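Let me begin by presenting the structure, written as structure tokens, before commenting on it.
The values are calculated or read from the model by the stated rules, or taken from the named source; none is laboratory data. Since the structure is predicted, the reported quantities are computational estimates derived from the model, not experimental observations. Reconstructed Cβ throughout: ideal geometry from the backbone, glycine too, with neighbour counts over all protein chains shown. Surface accessibility is based on the protein's heavy atoms, side chains included, excluding ligands, DNA and RNA. Shrake-Rupley method; radii C 1.70, N 1.55, O 1.52, S 1.80 Å.
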Amino acid sequence: MAFKRRAFLQQACLMLVGLGASEAGLCWAGDHYRQALAQSTRRKLALLVGINQYSAPKGAALSGCLTDVDLQQELLLHRFGFQASDVVVLSDQQATRQNIETAFMAHLVEQARPDDVVVFHYSGYGRRVRIGTLSADGTSPTRLIEQNTLIPVDSLLPTPNQVLQTINDVLEDTLFLLLRSLQTDQITTILDTSYTYPGSTLRGNLWVRAQPGIDTPESQPAAAELAFQANLLKQVDFSQEQVAAQLRSRQMPGLILSAAGLAQFATEAHWHGFSAGLFTYALTQHLWNTTPASTIRVSFSQATTTVQQLAGKDQQPELSGQKSRQPFLSAYNLPPGVGADGAVTAIANNGKSCTLWLAGLPVELLEQYQANSILTLLPLSNPVGQPGPPESSVGSSVHRPATSPAESGVNPQVSVPRLAQLPRLQLSSVSGLAAQGQLLGEGELQVGQHVQEAVRVLPQNINLIVALDTSLERIERVDATSAFSALAKISSVVAGEQPADYLFAKATETPPLPVKQPEDSSPQPTLVSDSSVSQSRYGLFSLGRSPIANTIGEVGEAIKAAVRRLTPKLQALLANKLLGLTVNQSSSCLGVSATLETTAPKQQVLVRHETLRAPWLVSRVAANSLSKVEQEGNLLTIPASSRIQYRLHNYSDCPVYAVLLGLDSGVNPFAFYPTAFEADNPEAKPLLKNEIITPGQTLIVPKVTDAFEWVLHGPTGLSTTYLILSREPLNQTLALLEAVLRQNSDARQIAALPNILEVAQSVLQDLHQASTTTAQAAGIRSEVALNINAWASLRFVYRVV
């Protein structure tokens with residue numbers, strides 16, 4: 001039956017009134033609806049679906065999908081200017097197959113006009129199905145459908161050995177046809193789900209959003225789904241074969257942002273106070289901070305890096321769709337306006353106190369964010385729901401392209417209001433993604449105001465938390481708990497029960513055994529696996545159970561011996577966690593930038609980072625000059641044996657002091673040792689010098705000489721480098737580095753750093769010391785308080801292959 005517009009809309013209204021969705025503006029009266037369709041302005045429409053409470057089997061419920069919807073909704077309303085009435089949410093019991101498809105038709109297909117913006121988000125389970133009908137003799141299928149599906153709340157999740165006769169999923173064919181039915185091509189689809197099931201929902205310390213696939217001829221799609229799909233085929237004038245061909249070539253309409261590749265796992269994590277999909281949190285967090293000059297590919301690449309740091313190589317987000325070849329798309333096909341770390345969502349106490357949404361902060365920082373932190377309030381020049389103040393109103397947050405590629409440094413003609421002149425608020429509490437704040441001084445808070453970091457307050461004591469994998473036997477967990485408790489600043493939890501930074505688990509291998517061959521066969525024995533014998537080795541893993549290089553021990557090693565062996569690696573990883581809390585690329589107003597380059601086998605710029613809120617004019621990389629990794633939106637990979645260097649540029653109005661620290665792909669700490677020789681004693685050991693970059697100047701690290709180049713070595717794994725540039729000398733850090741240099745006969749520019757944990761702690765103390773005046777003025781006494789503009793910390797993450 002073909003869809004009749006009036007009847008269809010009436011049916012949609014009746015159905016959704018029962019869901020309580022009318023408050024979202026889905027059911028409209030005739031005149032109001034016609035007026036909405038007649039609007040000449042570009043509309044922005046979104047349908048957000050999140051399902052936590054699947055009914056069966058036991059333990060099938062997810063925890064982060066509704067948070068994903070909240071993350072996306074707050075981003076659309078407060079960052080991209082969507083109207084609340086144009087964002088429809090279907091959650092849990094509302095998200096049946098019929099309701100999802102009906103809401104898509106009524107809210108998106110029937111309303112969207114050419115050039116309108118459409119966002120569809122789905123968080124929940126997915127699966128791979130291979131279904132059909134049996135032949136007359138019951139021995140073979142006569143028709144097979146093999147594709148991915150989205151699992152609505154009213155679809156059954158089979159128990160072991162159960163055969164589903166009817167699969168009530170949203171088929172991938174149907175999603176394609178729904179997207180194809182839209183009159184606009186300004187479409188972004190976010191799918192935080194996956195289709196490959198690893199055998200258990202809990203993987204390491206993450207939960208996988210996939211259910212077991214279905215491969216039974218007895219199973220077939222629901223009749224209503226097939227009828228709905230048939231009507232869509234008529235509407236778009238497509239055949240089933242055309243749909244299949246488009247899907248094979250990954251040509252879904254618009255842009256598709258997927259949390260994982262086809263054979264990978266989309267995961268969610270539990271943090272303190274909330275759960276969320278790794279991909280959705282990372283994507284929305286980076287979109288809060290994106291600038292008008294950024295593309296969705298840059299934000300997607302940043303999100304991919306965040307996801308792989310947490311989950312490992314088994315979750316690689318993927319960008320596809322008909323518009324995926326366009327390198328310069330803006331996020332959601334919209335200009336984002338001014339970057340922010342969150343927004344005011346509710347006010348109280350006559351406009352003097354408020355509730356804040358802080359999803360613009362990286363999750364690693366949000367986990368440690370303390371009361372007393374101070375945020376700057378940006379002026380609300382537009383109505384609630386618009387994308388923040390106009391660019392001219394907050395110059396300190398806006399990048400303006402230089403007039404020529406050679407232009408850099410301070411431009412005296414630029415007039416920007418100082419952030420100190422804008423009102424501020426101080427946090428009284430932080431709980432999950434929300435915080436409570438009090439206005440400092442005069443003024444009145446308004447819902448929708450954007451906030452930016454001013455003073456970052458961190459706890460004095462921060463531990464590394466290691467989750468003990470559920471595959472460990474009870475006695476192994478007891479021994480591991482005892483061993484970790486003996487280590488300073490290292491604590492352990494049971495995987496799946498609490499948040500953690502890394503996973504302690506067994507790498508289990510089945511050894512090959514020689515099999516005796518017949519006398520007339522080849523003299524070379526064939527090696528086969530004996531499943532009755534396994535070899536276990538202990539080591540560290542990402543939260544998604546990807547092994548961390550150089551941490552897997554030998555067969556037969558005792559648990560306590562393994563923990564002792566891993567202690568230096570654990571200290572290095574704790575240092576990495578502390579240094580990660582200094583990263584402020586998106587919030588610092590200190591004008592600095594850095595590029596990572598290879599000098600061999602060929603000279604090329606790999607990726608560029610810069611502070612996003614600096615007020616000065618700066619030479620910008622042209623959009624068509626983005627590096628290949630930024631154009632593709634992938635995690636940066638660099639082959640082993642490549643020669644690399646960093647190019648640091650200071651375009652602020654003051655000199656900055658530079659420090660470089662990091663971990664290589666084998667979790668080995670390293671540092672940059674800028675040296676100088678005593679003029680009157682050239683035979684003496686070199687001294688460590690402050691590396692100062694004056695305004696408008698560039699520093700290359702390391703300086704390539706005949707005696708030294710920075711060569712990347714294996715093993716395969718993630719390498720992380722921190723470039724920390726401070727307005728004040730980092731004296732404690734420099735003293736520790738100099739002590740290492742004096743004990744080391746190797747005077748290379750890039751060399752090992754045996755005391756990286758002590759050095760990371762000194763970095764925090766140096767930055768705190770540089771912020772003492774600000775902290776005292778705010779009444780902050782005991783915590784680590786960091787003035788966000790006293791330094792800039794840029795982090796480069798890449799995979800050595």
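Once phi is turned into θ = phi - 60°, what whole-Hz ³J(HN,Hα) does the Karplus curve with 6.51, -1.76 and 1.60 give for every residue of the range 72-82, x standing for Gly and Pro?
5, 5, 5, 4, 5, 6, 9, 10, 10, x, 5
Taking all pairs of different Cα atoms in the range 691-801, averaging 1/r and flipping that mean, what Kirkwood radius in angstroms comes out?
Computed over the range 691-801, the radius equals 16.4 Å.
Distance in nm between label sites at Ile692 and Leu226, each 7 Å beyond Cα in the beta-carbon direction?
Modelled inter-label distance: 7.9 nm.
7 Å from Cα along Cα→Cβ at both Arg781 and Lys313: what's the point-to-point distance in nm?
About 5.2 nm separates the two model spin labels.
Along the Cα-to-C-beta direction of Ile700, a point sits 7 Å from the Cα; which residues of the range 587-602 have their amide N less than 17 Å from that point?
Backbone N within reach: 594-602.
If you put +1 on each Lys and Arg Cβ and -1 on each Asp and Glu Cβ, how big is the dipole of the range 144-256 around its Cα centre, in Debye rounded to 20?
Dipole magnitude for the range 144-256 comes out near 280 debye.
If amide hydrogens are placed 1.01 Å from N in the peptide plane, which non-local residues have theirs closer than 5 Å to the one on Ala467?
Long-range HN contacts for Ala467: Val493, Asp501, Tyr502, Leu503, Phe504.
Using a 1.4 Å probe on the protein heavy atoms, what percent of the accessible area of the range 684-799 belongs to carbon and sulfur?
Looking at the range 684-799 in its full context, I get 48 percent from C and S.
Need the C-alpha centroid separation for the range 305-359 versus the range 691-737, integer Å.
30 Å
Would you check the accessible area of Thr166, probe 1.4 Å, heavy atoms only, in square angstrom rounded to 10?
The accessible area of Thr166 comes to roughly 80 Å².
Can you give the FRET efficiency to the nearest 0.05 for Glu241 and Asp115, using r as the Cβ-Cβ distance and R₀ = 35 Å?
0.70
How much length is gained on full extension from Asn463 to Gln603, taking 0.36 nm per residue of separation minus their Cα-Cα distance?
Length gained, Asn463 through Gln603: 46.4 nm.
Quick one: accessible area per residue over the range 753-801, 1.4 Å probe, rounded to a whole number of Å²?
Heavy-atom SASA per residue in the range 753-801 reads 34 Å².
Just grab the label-to-label distance for Ser491 and Thr508, each label 7 Å out from Cα along the Cβ direction, in nm (one decimal).
Once both label points are built, they end up 3.0 nm from each other.
In terms of the Cα gyration tensor, with a ≥ b ≥ c the square roots of its eigenvalues, is the range 165-251 rounded because a/c is under 1.5, prolate because a/b exceeds b/c, or oblate?
Values: a/c = 2.44, a/b = 1.46, b/c = 1.67.
It is oblate, given that a/c is not under 1.5 and a/b is not larger than b/c.
When the chain is fully extended, how far beyond the present Cα-Cα distance does Leu422 get from His713, taking 0.36 nm per residue of separation?
100.0 nm
For the range 705-771, what relative contact order do you get, as a whole percent, if you take Cα pairs closer than 8 Å and at least 6 residues apart?
Relative contact order for the range 705-771 comes out at 45 percent.
Can you send over the solvent-accessible area of Ile475, 1.4 Å probe, protein chains only, in Å² to the nearest 10?
We get 110 Å² for Ile475.
If you add up the charges near Gly64, with Lys and Arg at +1 and Asp and Glu at -1, over every other residue whose beta carbon is less than 9 angstrom from its beta carbon, what do you get?
Net local charge, Gly64 excluded: -2.
Ignoring ligands, DNA and RNA, what percent of the accessible area of the range 286-384 is carbon or sulfur (1.4 Å)?
Heavy-atom surface of the range 286-384 belonging to carbon and sulfur, 1.4 Å probe: 51 percent.
Please give the FRET efficiency for Val163 paired with Ala263, using the beta carbon to beta carbon distance and R0 = 22 Å, rounded to the nearest 0.05. Write out the running numbers ahead of the final one.
Numbers: r = 25 Å, r/R0 = 1.11.
Plugging the Cβ-Cβ distance into 1/(1 + (r/R0)^6) gives 0.35.
Per residue, how much accessible area does the range 431-478 have with a 1.4 Å probe, in Å²? Walk me through the numbers before you get to the answer.
Values: 2020 Å² over 48 residues.
Per-residue accessible area for the range 431-478 comes out at 42 Å².
So, for the range 190-260, what is the accessible surface per residue at a probe of 1.4 Å, expressed in square angstrom?
38 Å²
Given R₀ = 45 Å, FRET efficiency for Ala558-Ala735 by Cβ-Cβ distance, to 0.05?
0.70
For Cys654 and Val478, compute 0.36 nm times the residue count separating them, minus their Cα-Cα distance, and round to one decimal in nm.
Stretched fully, the Cys654-Val478 segment lengthens by 57.9 nm.
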